[in-house]
Amino acid sequence: MTVDAAPGAAPLALAAASEDDFEALLALRMTAMFESLQRLGRFDPQRARERLSRAFEPAHTRHILLAGEPVGFVVLLPMPAIHPDHLVLDHLYIAPQAQRQGVGSWVMAQVIDEADRLALPVSVTALKLSDANAFYLHHGFELQHESEWDLHYLRPALGLAHG
């Protein structure tokens, strides 16, 4: 899928990931989260590796491409065992050099379109003190609760699926 972010903007696309992409995705995740984790005194490369490997599902992972170059990745998981009729935005990372250019908003529009097509709510967890919190609130997510290090959000189902 390729769509212009805005007239004259570089094309954005989502591309399938594979098992072989793990190290590149891990490096991108650590780069994208470094500043937020440092703010909390929680940057730990081993913890980052364990967190990503524990739930790495290439079938649900998409590279975010800007003008054909990878600038991030997104993972949207169906969670039938834990939350029937629920999607989890498990990861959304944009490389720092590609942030604040509309890339994240474009990806979020894809996530929201899919959730609305399926008439499913979407949950996401963001690190406290992360700039991502304002981003999720801006995109219609509502704070549900807090844990020691994270804020947990839900975007209600808005679609018109027929069952």
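Each 5 Å bin from 0 upward holds the following percent of the Cα-Cα pairs of the stretch 2-155: 2, 9, 18, 22, 23, 17, 7, 2, 0. Mean projection of the Cα convex hull over all viewing directions, computed for the stretch 116-156: 2.7 nm².
Neighbours of residue 115, meaning other residues whose beta-carbon lies under 13 angstrom from its beta-carbon, give a summed charge of -2 when Lys and Arg score +1 and Asp and Glu score -1. Between residue 79 and residue 128, the FRET efficiency from the beta-carbon distance, with R0 = 30 Å, is close to 0.85. Here r is the Cβ-Cβ distance between residue 13 and residue 158 and R0 is 25 Å; the resulting FRET efficiency, rounded to 0.05, is 0.50. Label point of residue 149 set 7 angstrom out along Cα-Cβ; within the stretch 44-58, amide nitrogens under 12 Å from it belong to 44-52. Inter-label distance, residue 69 to residue 97: 0.5 nm, where each label sits 7 Å from its Cα along the C-beta direction.
With unit charges on the beta carbons (Lys and Arg positive, Asp and Glu negative) and the dipole taken about the Cα centre of the stretch 2-155, which residue among 132, 13, 67 sits farthest to the positive side? Going by the Cα projections, it comes out as 132. Here the label points at residue 55 and residue 34, each 7 Å from Cα along the C-beta direction, are separated by 2.4 nm in the simple model. Oblate is the label for the stretch 95-145, because the ratio a/c of its alpha-carbon gyration tensor axes (a ≥ b ≥ c) is 1.5 or higher and a/b is not greater than b/c.
Bear in mind these aren't lab numbers, they're just calculated from the coordinates by the rules spelled out. Quantities reported herein were computed from a predicted structural model and do not represent experimental measurements. Methodologically, a virtual Cβ is constructed for each residue, glycine included, from the backbone with ideal geometry; neighbour enumeration extends over all protein chains shown.
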